[in-house]
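The values are calculated or read from the model by the stated rules, or taken from the named source; none is laboratory data. The shown structure was predicted, so the numbers you read here are calculated from the model rather than taken from an experiment. Note: ideal-geometry Cβ built from the backbone for every residue, glycine included; neighbour counts use all protein chains shown.
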Amino acid sequence: MEAALVGAIEAGGTKFVCAVGRSPGDFEAVRFPTLRPEETISHAIDFFKSKETERGEIQALGIGSFGPADVNPKSKKYGWITNTPKENWSHIDLGNPIREALSGVPMVFDTDVNAAAWGEGKWGAAQGLKNYVYITVGTGIGGGAVVNGNILHGISHPEMGHLRIPKDHSKDPFPGSCPFHGDCLEGLASGTAMRNRWNTDPATLPVEHEAWKLESGYLADALYNLTLTLAPQRFILGGGVMEQKQLFPMIRHDLNERIAGYIEIDDLDTFIVPPGLSSRSGVLGALALAQELITKH
Ligand code: ZN
């Protein structure tokens with residue numbers, strides 16, 4: 001049976017990626033900047049409508065969104081962005097206006113990182129695994145987890161970007177950039193934090209710069225805590241900062257040091273890896289979730 005035609009959105013704080021398709025080999029995507037909610041939502045609707053004219057009716061909609069967001073299907077505000085620090089986007093219904101414009105098709109709404117985790121499990125670097133974590137290190141930091149084959153949800157979604165990790169003020173006097181917590185993980189290790197600490201675009205820092213040693217240490221601290229908490233079989237690290245490939249061996253080394261032989265990790269090279277779907281994990285994950293919604297119905 002041919003996979004259903006579905007719509008997918010990766011809604012990020014700086015850009016939206018919208019796609020229509022059936023699989024990684026058959027999908028068309030557009031990207032546009034995240035503007036005010038009304039404009040952004042109407043761009044998305046226009047794209048889906050034009051694709052419906054070409055390809056036929058979209059059967060379901062999958063959204064992976066920046067957060068915090070309401071990802072509880074039983075909640076009245078399912079599909080909403082909640083108390084985000086992003087200007088104009090706090091308490092905005094993102095999902096339902098789009099779903100309604102598409103004849104009220106079934107919708108699945110989750111965080112961008114949960115969607116990315118799901119995409120990596122379906123078609124990327126976590127195929128065949130039932131327990132793994134996807135983390136993006138970009139403008140912000142976020143993490144999604146698959147536990148026993150399901151996306152992990154609880155009172156809401158995980159907020160791994162805001163873990164509290166040790167900080168040595170003598171080595172790093174930067175106070176942190178998180179508007180909520182100052183020196184949480186995101187406040188210390190996001191691209192924004194790096195930019196503010198070093199007063200430059202982190203991509204321009206040479207590989208031997210001390211910035212990367214510090215960055216690797218902070219990320220290894222986070223992975224250490226998550227390894228002990230969730231016992232994942234793999235970490236997939238994506239996002240703009242992780243384009244700096246020198247970080248991978250550094251983080252493996254620093255994590256190994258922190259674990260200190262307490263847990264046996266057979267192969268650090270396959271324990272910490274880049275995404276198999278490069279920057280498409282989120283939108284393809286949203287596509288996979290939308291298709292699975294149809295199968296479940
Ligand atoms: Zn924070």
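With respect to the conditions (1) over 26 Å from residue 282 (Cα atoms); (2) surrounded by fewer than 17 Cβ atoms within 10 Å (Cβ to Cβ); (3) touching a residue at least 12 places away in the same chain (Cβ under 8 Å), residue 180 lacks only one, and its number is (1). Test residue 191 against the criterion of being among the small types (Gly, Ala, Ser) and within 20 Å of residue 254 (Cα to Cα), and give yes or no. Criteria met by residue 191.
Filter the stretch 195-220 down to residues that are over 17 Å from residue 250 (Cα atoms) and not basic (Lys, Arg) and give me whichever is farthest from the ligand (Cβ to nearest atom).
Residue satisfying both the conditions and the ranking: 204.
Report the residue count in the stretch 122-157 for those that are assigned to a strand (DSSP E or B) and modelled with pLDDT under 95.
0
Does residue 296 meet the test of being closer than 30 Å to residue 203 by Cα, surrounded by fewer than 22 Cβ atoms within 10 Å (Cβ to Cβ) and of a type outside the set (Gly, Ala, Ser)? So residue 296 does not fit the description; no.
Listed conditions (1) among the small types (Gly, Ala, Ser); (2) free of Cβ contacts under 8 Å to residues at least 24 places away in the same chain; (3) within 14 Å of the ligand (Cβ to nearest atom) are all met by residue 149, apart from (3).
In the stretch 237-254, the residues that are part of a loop (DSSP other than H, G, I, E, B) reach residues that are among the polar types (S, T, N, Q) and modelled with pLDDT of 95 or more with C-beta atoms within less than 6 angstrom, at least six apart or across chains, in these pairs: 239/136. Do we have any residue at all in the stretch 212-220 that's of a type in the set (Gly, Ala, Ser), touching a strand residue (DSSP E or B) at 6+ places or on another chain (Cβ under 7 Å) and closer than 27 Å to residue 152 by Cβ? No, that holds for no residue. Counting the residues of the stretch 101-145 that are surrounded by fewer than 20 Cβ atoms within 10 Å (Cβ to Cβ) and without any contact (Cβ under 8 Å) to a residue 40 or more places away in the chain gives 2. Checked against (1) within 20 Å of residue 84 (Cβ to Cβ); (2) surrounded by fewer than 23 Cβ atoms within 10 Å (Cβ to Cβ); (3) among the polar types (S, T, N, Q), residue 190 meets all criteria but (2).
Determine, yes or no, whether residue 98 is of a type in the set (Val, Ile, Thr), touching a residue at least 40 places away in the same chain (Cβ under 8 Å) and within 15 Å of the ligand (Cβ to nearest atom). Judged against the criteria, residue 98 is not a match.
Checked against the criterion of being assigned to a helix (DSSP H, G or I), at pLDDT 95 or above and over 28 Å from residue 125 (Cα atoms), the candidates 196, 225 yield just one match: 196. Whenever a residue of the stretch 30-46 is without any contact (Cβ under 8 Å) to a residue 60 or more places away in the chain, its partners that are surrounded by fewer than 14 Cβ atoms within 10 Å (Cβ to Cβ) and assigned to a strand (DSSP E or B), lying with C-beta atoms within less than 8 angstrom and at least six residues away or across chains, give the pairs 31/15; 32/15; 33/15; 34/15. Within the option set 39, 2, being assigned to a helix (DSSP H, G or I) and surrounded by fewer than 17 Cβ atoms within 10 Å (Cβ to Cβ) holds for one residue only, 39. The residue of the stretch 161-189 that is nearest to the ligand (Cβ to nearest atom), among those that are part of a loop (DSSP other than H, G, I, E, B) and touching a Cys at 6+ places or on another chain (Cβ under 9 Å), is 184.
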